[in-house]
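Engineer: Okay, handing you the structure first.
The values are calculated or read from the model by the stated rules, or taken from the named source; none is laboratory data. Predicted model only: the values in this text are computed from it and were never measured. No Cβ is skipped: glycine too gets one built from the backbone with ideal geometry, and neighbour counts run over all protein chains shown.
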Amino acid sequence: MFAVMKTGGKQYKVQSGDTLRVERLAAEAGEKVQFNEILMLGGDNLTVGAPFVAGAAVQAEVIDQIKGDKVIHFVKRRRKHGSQRTKGHRQKLTLVRVTEILASGGGDSGMKAAIGSGSAPAAPVAAAPKAAKKAAAPKVAAAAAGGDDLKVLSGVGPALEKKLHDAGITTYAQIAAWTDADVEKFGELLSFKGRIEREGWIEQAKDLAAK
């Protein structure tokens with residue numbers, strides 16, 4: 001019996017006893033592993049998967065972790081001030097020996113699945129900051145919803161109002177209470193230096209807050 005299996009993005013036709021080199025697996029020498037993505041089984045009867053043959057598996061023993069032959073990558077740019085670069089690469093591989101081909105029952109064997117060494121998922125780590133941003137967004141919106149319409153102030157449009165909300169300023173009373181230090185601080189923060197005094201925000205905010 002033979003099988004056509006898939007691992008590391010490549011397909012291999014194997015029989016029991018075959019030794020082959022596959023993309024690096026997360027396994028140590030001497031470990032038993034099982035390949036579960038079987039595309040075809042051949043022998044007395046031919047079985048073709050759709051895409052995989054249900055229950056079929058190829059079991060193998062890890063012989064060693066090795067490296068492939070060195071591949072040289074040479075790039076040269078033909079220009080007046082051209083450049084050239086040479087890079088070498090040796091692919092990390094795993095040497096395995098096929099011990100058995102199972103036509104069925106692969107899912108119940110309990111043997112460790114053959115998984116690539118770079119297959120560990122890292123998505124949850126990257127997703128955490130996005131989740132934090134989404135969680136923080138409603139707080140800003142809620143603060144703005146309970147505040148005043150800062151666009152009433154002279155020179156304040158939607159974009160500047162959003163910057164003020166992001167800085168925690170949502171009411172006329174907050175602006176009316178600004179000190180000289182606050183005016184300096186928010187002038188720098190909003191790239192608005194000197195304009196707060198010229199537009200008279202504090203006086204306007206005091207009048208609006210009193211209404």
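Engineer: Take the residues in region 59-79 that are more than 31 Å from the chain's Cα centre (by Cα) and touching a residue at least 40 places away in the same chain (Cβ under 8 Å); name whichever of them is nearest to Val98 (Cα to Cα).
Structural biologist: Once the filter is applied, the top-ranked residue is Ala60.
Engineer: I need the helices (runs of 4 or more DSSP H) fully contained in region 108-205, keeping only those with at least 3 residues that are surrounded by 14 or more Cβ atoms within 10 Å (Cβ to Cβ) and at pLDDT 85 or above.
Structural biologist: Output list reads 172-176.
Engineer: Can we say Val62 is touching a Leu at 6+ places or on another chain (Cβ under 8 Å), in the same structural domain as Gln91 (by TED's automatic domain parsing) and surrounded by 18 or more Cβ atoms within 10 Å (Cβ to Cβ)?
Structural biologist: yes
Engineer: What is the one condition in (1) of a type outside the set (Phe, Trp, Tyr); (2) at pLDDT below 90; (3) not in a helix (DSSP H, G or I) that Leu39 does not satisfy?
Structural biologist: Of the numbered conditions (1) of a type outside the set (Phe, Trp, Tyr); (2) at pLDDT below 90; (3) not in a helix (DSSP H, G or I), the odd one out for Leu39 is (2).
Engineer: Quick check on my filter: what residues within region 41-55 are over 11 Å from Ile101 (Cβ atoms) and either without any contact (Cβ under 8 Å) to a residue 12 or more places away in the chain or not β-branched (Val, Ile, Thr) (or both)?
Structural biologist: Asp44, Asn45, Leu46, Val48, Gly49, Ala50, Pro51, Phe52, Ala54, Gly55
Engineer: Just give me the residues in region 8-38 being more than 17 Å from Ile63 (Cα to Cα) and either in contact (Cβ under 8 Å) with a residue 40 or more places away in the chain or of a type outside the set (D, E, K, R) (or both), in sequence order.
Structural biologist: Gly8, Gly9, Gln11, Tyr12, Asn36, Ile38
Engineer: Here's a check for you: in region 44-59, which residue that is of a type outside the set (Gly, Ala, Ser) and part of a strand (DSSP E or B) is surrounded by the fewest Cβ atoms within 10 Å (Cβ to Cβ)?
Structural biologist: Val48
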